[in-house]
Structures are given as structure tokens and as C-alpha cells.
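The values are calculated or read from the model by the stated rules, or taken from the named source; none is laboratory data. Note that the coordinates shown come from a computational prediction; the quantities given were computed from them, not determined experimentally. Every residue, glycine as well, gets a Cβ built from its backbone with ideal geometry; the counts of neighbours run over all protein chains shown. SASA here: full protein model, heavy atoms, side chains in, ligands and nucleic acids out. Shrake-Rupley method; radii C 1.70, N 1.55, O 1.52, S 1.80 Å.
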Amino acid sequence: MKNMHYHHFKGDDLSRSEFIQRKVVEMILNSNLPDEERESSKIWELKHSSGCVQVGRILAERRGLNKEFAELICILHDIYVIVTGKYSDHAHLGAPMAEQILRETNKFAPEEIKIITEAVFHHSDKHVYSENPYVELAKDADTLDCFLYDNVEDYYIYNKPPQVAKEYFKRIIKIRKDLGMKALKKHLEILKQLEKKSAKVKT
Ligand SMILES: [Fe+2]
Ligand SMILES: [Fe+2]
């Protein structure tokens, strides 16, 4: 008889995407790499990967995309950071890790793995607007989840060059609009400042 209760990620009655989601959460929980050796933290990795999955589902539904692919892209997008604690070039370095995780399960066709790993590979290129809806979903879910935290704006302002930082603000304004949410005044103001600054950098 089919279980009448929701699985709550216990047992074997999980979809293949849920199986991967649980695996990634377990990788974070069981990681021996302490926060002192991470650029973020295990708590952040748990919150951000899970948050991305949920906002990724919302974006997929809104855009008529496959929700399972969205979940998998989102849970795996920062896999390199989860494993190594480092951000440098993590999108490119994470794609083969994502591929290995998916392949090991024997539950995914090569074309499916390609869609997911391509999105992981390109997710840091926030300044590029590609024709690939899953690549754009990866960038947008990542951006949307990050910007749902309070006071995250300073991180972009102070840790990224203005020409890179401005792309995150451009994106969040666009994503919010797409979801019927007004642009936040502070985002518009920061974008203006960053555009001024990046124009100065160019000259
Ligand atoms: Fe990332
Ligand atoms: Fe991320």
C-alpha cells in the first residue's frame, strides 16, 4: 500500500531528484571541512542550496520549464564550494563533480546530465544572457535566493568589481519584475552607483 504520509526525505520512496537533494544535504552535514576552512559555512551551504531549489521550482513553474531539472541544477550549482569551501572558478570546477554525482546513480540519461551540468558550468556568468533557459534559471535562482537575505547587498558592493556587482543588481531587478515584484528602491540606487563607478573604471 502506498504510504499516505509525506516522506520527509526518509526512506527509499524518493524521486531521483529528491535522492540527489538528500545526498547533497548529507554531504554538507557529514563534511569534515570546518567553517574556519570555508569561505562561507556549512549552515550557509545548507540554507543556500535548499533555498535555491525552492526558488528554482518557482522560476521553473513561471517559465514552463522542467521542475526536476531545476531542482537538480539548483542543488548542485555550488557543489564545488560545498566540497572544497572555495569559490574561485567554482562553477567550472563544479560541473564535472555534478556530472559524477548524477552518473553514479545510473538514473539519468546523458542528455539530462548535459542540461544540468551545463547550467552548473555557466551559473557564475551573471553578466551573460544566454538562449539556454536552464543556464538562465541557474543564474536567476542563485541570484534570487541570495537577495532574499537581509543586508546581502554589501557583499556584492565590497567583494566584487563594480562592473561585476552591477550585473547582480540588474538581474535581481529583472527577476523580481518577472515574478510581479517591484524593484526595491535600494537595488535601483545601488545599481545607479555601480554603473557610475564601472563607467569610471573603463575610462
Ligand atoms: Fe555559485
Ligand atoms: Fe550559489
Which condition does A109 not pass, out of (1) more than 28 Å from L191 (Cα to Cα); (2) open to solvent by less than 40 Å² (accessible area, probe 1.4 Å); (3) touching a residue at least 12 places away in the same chain (Cβ under 8 Å), if it passes all the others?
-> (3)
The one condition K174 fails out of (1) within 14 Å of ligand 1 (Cβ to nearest atom); (2) closer than 30 Å to S17 by Cα is (1)
Whichever residue in region 58-94 is hydroxyl-bearing (S, T, Y) and free of Cβ contacts under 8 Å to residues at least 24 places away in the same chain and, among such residues, is farthest from ligand 1 (Cβ to nearest atom) = S88
Within region 63-82, identify whether any single residue is farther than 23 Å from K174 by Cα and among the aromatic types (F, W, Y), and answer yes or no.
-> yes
Residue pairs qualifying under the 6 Å Cβ cut-off, at least six apart or on distinct chains, with the first in region 1-27 being more than 20 Å from H77 (Cα to Cα) and the second being at pLDDT 95 or above and among the small types (G, A, S), are none
Quick one: in region 79-128, which of the residues that are among the β-branched types (V, I, T) and over 16 Å from the mean Cα position of the chain (by Cα) is nearest to F19 (Cα to Cα)?
-> T105
Residues of region 59-106 that turn out to be closer than 20 Å to E45 by Cα and either open to solvent by 70 Å² or more (accessible area, probe 1.4 Å) or not assigned by TED's automatic domain parsing to the domain that holds S31 (or both), as a count = 6
Would you check which residues across region 174-200 are within 14 Å of K139 (Cβ to Cβ) and either open to solvent by less than 30 Å² (accessible area, probe 1.4 Å) or of a type in the set (K, R) (or both) and list them?
-> K174, I175
Does V25 satisfy the criteria of being more than 16 Å from ligand 1 (Cβ to nearest atom), on the phi < 0 side of the Ramachandran plot and surrounded by 15 or more Cβ atoms within 10 Å (Cβ to Cβ)?
-> yes
Scope region 158-173; condition open to solvent by 40 Å² or more (accessible area, probe 1.4 Å) and of a type outside the set (S, T, N, Q); matching residues | Y158, K160, P161, V164, K170
Which pairs have Cβ atoms under 7 Å, sit 6 or more apart or on different chains, and link a residue in region 183-201 that is within 16 Å of K160 (Cβ to Cβ) to one that is of a type in the set (F, W, Y)?
-> H187/F169; I190/F169; L191/F169; L194/F169
Which residue, of Y155, Y149, Y134, Y129, is modelled with pLDDT of 95 or more, open to solvent by 20 Å² or more (accessible area, probe 1.4 Å), of a type in the set (S, T, Y) and within 13 Å of ligand 2 (Cβ to nearest atom)?
-> Y149
Could you say whether any residue in region 41-57 is in contact (Cβ under 8 Å) with a residue 40 or more places away in the chain, of a type in the set (D, E) and open to solvent by less than 80 Å² (accessible area, probe 1.4 Å)?
-> no
